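In what follows, a single structure is set out as structure tokens and then discussed.
Rule-based calculations on the coordinates, nothing more; no lab input. Worth saying up front: this structure is predicted, and the values here are computed from it rather than measured. Cβ placement follows ideal geometry from the backbone for every residue including glycine, while neighbour counts extend to all protein chains displayed.
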Amino acid sequence: MDTNKLIYETGDLEAFAAELEKLHSAATLPQRIATDPESVERGLAQLVLTLIELLRQLMERQALRRVEHGSLSDEEIERLGQTFLKLKQRMDELKQTFDLRDEDLNINLGPLGDLL
Amino acid sequence: MAAQYLYAITHNHGPTLPALAGVEGVPIAAVAVPPLAAVVAPLTVRSLPPTEAYLWQHEAVLEALMQQQTILPVRFGTLLRDVEAVREVLTRHAATFEADLERVRGCVELSLRVLWEQEPPADPQSGRDYLLGRLAQQQQARTRADALHTPLAALARDTRLRLLETPRMLLTAAYLVEQTQVAHVRQTVAELAHEHPDLQLLCTGPWPVYHFVSKLAD
């Protein structure tokens with residue numbers, strides 16, 4: 001970065017660069033799925049898991065909003081929590097299986113991101 | 001006819017454009033539809049890859065213009081078919097551009113990014129644990145972000161704020177600040193950094209007012 005642009009900084013620029021890199025790589029879903037047998041599975045898995053992860057996040061946020069507003073009973077909170085917990089654990093396993101990192105499953109939603 | 005690369009929208013009655021070469025060394029020119037004007041340069045390419053060199057060349061043109069007058073920065077890589085297409089955009093969106101120019105007059109954009117270290121949550125023992133844990137995390141992020149954002153927002157004409165773009169990126173904010181307030185903001189950021197030693201702050205600028213220009217429908 002042009003150091004003239006630095007107004008104030010604590011901590012380490014590398015750490016910021018690493019986070020920005022994650023955001024940046026999030027914007028690049030594969031334009032096309034590689035069709036050689038080695039990578040086709042992973043490419044498809046990335047695409048599908050990205051969509052599932054998006055839905056999971058949206059639903060979880062919705063659930064959190066409802067918990068916050070007190071519109072769920074204790075039983076409902078437990079049941080929803082179990083569902084999201086299991087979904088998250090399953091996603092973690094799948095990520096590991098296909099060697100995908102969190103940032104590989106991030107879609108840059110642009111202005112839609114504000115909805116989250 | 002050459003495609004027109006678009007840098008910025010300004011008032012037509014502003015000072016004469018500085019003699020500047022922009023992307024690919026092509027000199028900039030104005031296309032006027034009074035009271036507005038677009039700052040453009042003819043390019044023969046069909047698209048421009050966002051390389052670091054090109055991005056800084058784009059930025060350098062905007063900053064030179066900013067020294068002279070209020071501008072609406074156009075985001076990198078915007079190419080229009082020809083001069084006629086530029087005129088058309090100026091005409092069609094004249095009201096929006098004029099309102100935006102008024103809103104950002106005399107202002108620059110400052111950017112703030114903040115990183116936090118979060119302890120990984122204990123393994124949840126129940127569904128309830130998990131959900132309430134997530135909620136607590138979210139509320140904590142909001143509280144911590146507010147503590148930084150509120151004093152800075154008080155110095156700004158307008159703000160954009162996003163929480164947790166990544167789990168570590170607590171806050172990403174843009175502030176529309178009058179030029180005369182930049183030093184004040186810097187001082188406030190320094191104070192906030194001292195009050196929150198466990199957070200990492202990165203404040204940059206002054207930038208063209210990228211985040212405070214209306215998005216056009218097309």
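Between segment B:103-119 and segment B:142-218, the alpha-carbon centres lie 3 Å apart. For the pair A:Q57 and B:A95, a Förster radius of 41 Å applied to the C-beta separation gives a FRET efficiency near 0.65, rounded to the nearest 0.05. Rounded to the nearest 20 debye, the dipole magnitude of the protein assembly as shown is 820 debye, with +1 charges on Lys and Arg beta carbons, -1 on Asp and Glu beta carbons, and the Cα centre as origin. As a size descriptor, the averaged projected area of the C-alpha convex hull of segment B:3-103 was calculated at 5.8 nm². With all pairs of separate Cα atoms included, the protein assembly as shown yields a Kirkwood hydrodynamic radius of 22.7 Å.
Scaling the Cα radius of gyration of segment B:107-212 by the globular reference 2.2 N^0.38 Å produces a ratio of 1.21. Model label points for B:W56 and B:H196, set 7 angstrom from Cα along the Cα-to-Cβ axis, are 3.0 nm apart. Listed by chain and number, the lysines whose alpha-carbon sits under 24 Å from that of A:K5, ignoring those within fewer than 8 places in the same chain, are A:K22. Full extension of the chain between A:S39 and A:Q96 yields a length gain of 19.0 nm, computed as 0.36 nm times the residue separation minus the alpha carbon distance.
By the equivalent-ellipsoid construction on the alpha carbon gyration tensor, chain B comes out with semi-axes of 40, 20, 16 Å, ordered largest to smallest. Taking 0.36 nm per residue of separation and subtracting the current Cα-Cα distance, fully stretching the chain between B:Q67 and B:A183 would add 40.1 nm.
If you take all other residues with their beta carbon under 12 Å from the beta carbon of A:R66, and give Lys and Arg +1 and Asp and Glu -1, the sum is -1. Relative to the longest principal axis of the Cα atoms of chain B, the long axis of helix B:94-103 lies at roughly 50 degrees. Between segment B:22-71 and segment A:81-102, how many Å separate their Cα centres? Here the two parts' Cα centres lie 46 Å apart.
Suppose every K and R has +1 on its Cβ and every D and E has -1 on its Cβ; what is the size of the dipole of chain B about the Cα centre, in Debye to the nearest 20?
Approximately 340 debye in magnitude.
Putting +1 on Lys and Arg Cβ atoms and -1 on Asp and Glu Cβ atoms, find which of B:P197, B:L90, A:L54 reaches farthest to the positive end of the dipole of the protein assembly as shown. The Cα lying farthest towards the positive end belongs to B:L90. To the nearest 10 degrees, how steep is helix B:52-68 against the longest Cα principal axis of chain B, on a 0 to 90 scale? Taking the Cα atoms of chain B, the angle to B:52-68 is about 70 degrees.
On C-alpha positions alone, give me the angle between the axis of helix B:127-153 and the longest principal axis of chain B, in degrees, nearest 10. Around 50 degrees separate the two axes.
Each label point was placed 7 Å from the Cα along the Cα-to-Cβ direction; for B:D123 and B:R142 their separation is 3.1 nm.
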